[in-house]
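Each remark here refers to the structure printed beneath this line.
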Amino acid sequence: MKLRQLQYIVEVADRQLNVTAAAEALFTSQPGVSKQIRLLEDELGVQIFARNGKHLSAVTPAGEAILQIARRMLADEENIQRVAADHADEGRGTLRIATTHTQARYALPPTVKAFRTRYPEVSLQIQQGTPMQIARWASRGEVDFAIATEAIALFDELIMLPCYHWNRCVLVPPDHPLTRARPLTLEAIASHPIVTYVFGFTGRSQLDQAFAARDLQPDVVLTAVDADVIKTYVRLGLGVGIVAALAYDPVLDRDLVALEADALFERSTTRIGFRQGSVLRQYMYDFVNLFAPHLTRERVDELIAAPPEQRLAQVEAMRAELPTLGPAPWGHLGDLPA
């Protein structure tokens with residue numbers, strides 16, 4: 001049995017049994033992958049994959065168990081390499097981050113700048129995707145950290161640490177009727193067309209839940225994954241924008257008014273997640289600490305070592321102390337007519 005063979009079966013399973021796609025991802029040939037899988041099955045005396053003619057059709061029960069162990073073995077191999085690299089040269093390496101557009105555009109830049117200053121020889125790779133993709137990449141070890149709000153909690157393979165709270169603001173042109181709403185209510189917002197995030201992105205579920213709790217059915221006329229796109233269509237008069245408050249820039253967005261909506265929507269929490277059992281190099285700890293100062297190496301190690309139930313309790317206690325990020329100052333509400 002070779003580690004390369006284990007890598008082949010894991011990649012094939014992750015590619016929905018598409019051997020050709022797995023071979024391309026592994027920079028090898030499809031016949032070579034098929035041959036090595038057959039050799040491994042012959043050595044073990046069991047089928048890992050069921051077949052329909054020449055095509056793989058399913059993972060067998062034995063294959064499921066073997067794949068679980070194979071993933072752990074491959075993760076341990078990567079951990080060994082990380083330990084060796086950290087002792088050989090802690091200032092060199094690669095850090096792979098998966099996140100959403102909102103985090104990459106508005107939350108991460110100060111952290112990335114500080115990290116690059118501290119670790120100029122670490123290659124930093126930022127990959128954007130949906131929250132579900134981001135969590136899946138991290139659970140498979142394809143990235144080191146997943147940073148997101150939605151979906152990340154659905155993967156048991158990840159250790160998830162809370163970073164900060166955030167809420168939404170309502171964006172409108174200066175002459176919009178909502179600028180005169182005192183107080184701003186969900187009913188008032190729902191009386192206008194709405195432009196906001198695609199479901200599954202950037203806390204959209206909390207937004208929908210807030211309207212549903214008041215038996216309101218908002219007229220969502222356009223959705224996007226990018227807050228800048230939402231702002232563009234608000235400027236065109238397509239509707240009222242609802243975005244993460246941290247996505248409003250009082251300078252760049254001075255032609256829009258940001259209406260505070262903290263009382264209308266439940267706060268969302270951005271988390272950073274990594275695969276259980278991962279060995280974190282020093283620069284990885286430092287990146288986490290730069291992004292969320294309360295997450296020191298000692299605190300992270302404590303949470304990693306804690307049993308799942310205890311970790312959950314500690315994380316919940318930590319969430320109560322998190323800061324809430326938002327724009328500063330809040331738009332130009334003081335200049336609005338009463």
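The values are calculated or read from the model by the stated rules, or taken from the named source; none is laboratory data. Keep in mind it's a predicted model, so treat the numbers as computed, not measured. Reconstructed Cβ throughout: ideal geometry from the backbone, glycine too, with neighbour counts over all protein chains shown. These area figures cover heavy atoms from the full protein model, side chains too; ligands, DNA and RNA do not enter into them. Shrake-Rupley method; radii C 1.70, N 1.55, O 1.52, S 1.80 Å.
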Of Pro177, Ile126, Val229, which is farthest along the charge dipole of the chain in the positive direction, counting Lys and Arg as +1 and Asp and Glu as -1 at C-beta?
Ile126
Under a crude label model (7 Å from the Cα following the beta-carbon direction), how far is Leu238 from Val198 in nanometres?
1.4 nm
Given points 7 Å out from each Cα along the Cα-Cβ axis, report the Gln127 to Asp228 separation in nanometres with one decimal.
2.2 nm
Output needed: percent of Cα pairs per 10 Å distance bin for the range 206-338, bins running from 0 to the one holding the longest distance.
9, 29, 28, 22, 10, 1
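Compute the Rg/Rh shape ratio of the range 158-259: radius of gyration over Kirkwood radius, all on alpha-carbon atoms. Numbers along the way, then the final one.
Working: Rg = 13.6 Å, Rh = 14.1 Å.
Checking Rg against Rh, the ratio lands at 0.97.
Per the Kirkwood definition applied to all pairs of different Cα atoms, how many angstroms is the hydrodynamic radius of the range 78-218?
Working: mean 1/r = 0.0555 Å⁻¹.
For the range 78-218, the Kirkwood estimate is 18.0 Å.
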Rounded to the nearest 5, the percent of antiparallel DSSP beta bridges in the chain equals 55 percent
Could you order Lys35, Lys113 so the one with the most accessible surface comes first? Probe is 1.4 Å.
Lys113, Lys35
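Sorted by accessible area (1.4 Å probe), largest first, how do Ile134, Ile304 line up?
Values: Ile134 0, Ile304 55 Å².
The ordering from most to least exposed comes out as Ile304, Ile134.
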Checking Thr196, Thr179, Thr20 against a Gaussian network model of the chain (alpha-carbon springs below 10 Å), the top fluctuating residue turns out to be Thr20
Cross-link candidates for Lys54: which aspartates and glutamates have Cα within less than 16 Å, leaving aside residues fewer than 8 places away along the same chain?
Glu41
Placing unit charges on C-beta atoms (Lys and Arg positive, Asp and Glu negative, everything else neutral), compute the dipole magnitude of the range 1-91 about its Cα centre in debye, rounded to 20.
540 debye
Additional length obtainable on full extension of the chain from Glu316 to Glu64, 0.36 nm per residue less Cα span
87.4 nm
Give the lysines whose C-alpha is closer than 27 Å to that of Lys231, dropping any in the same chain fewer than 8 places away, or say none.
Lys113
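How do Arg72, Arg136 stack up against each other in accessible area, from largest to smallest, with a 1.4 angstrom probe? Write out the running numbers ahead of the final one.
Numbers: Arg72 135, Arg136 85 Å².
If we order Arg72, Arg136 from most to least accessible, we get Arg72, Arg136.
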Modelled label-to-label distance, Asp219 and Ala190, 7 Å Cα→beta-carbon offset: nm?
1.4 nm
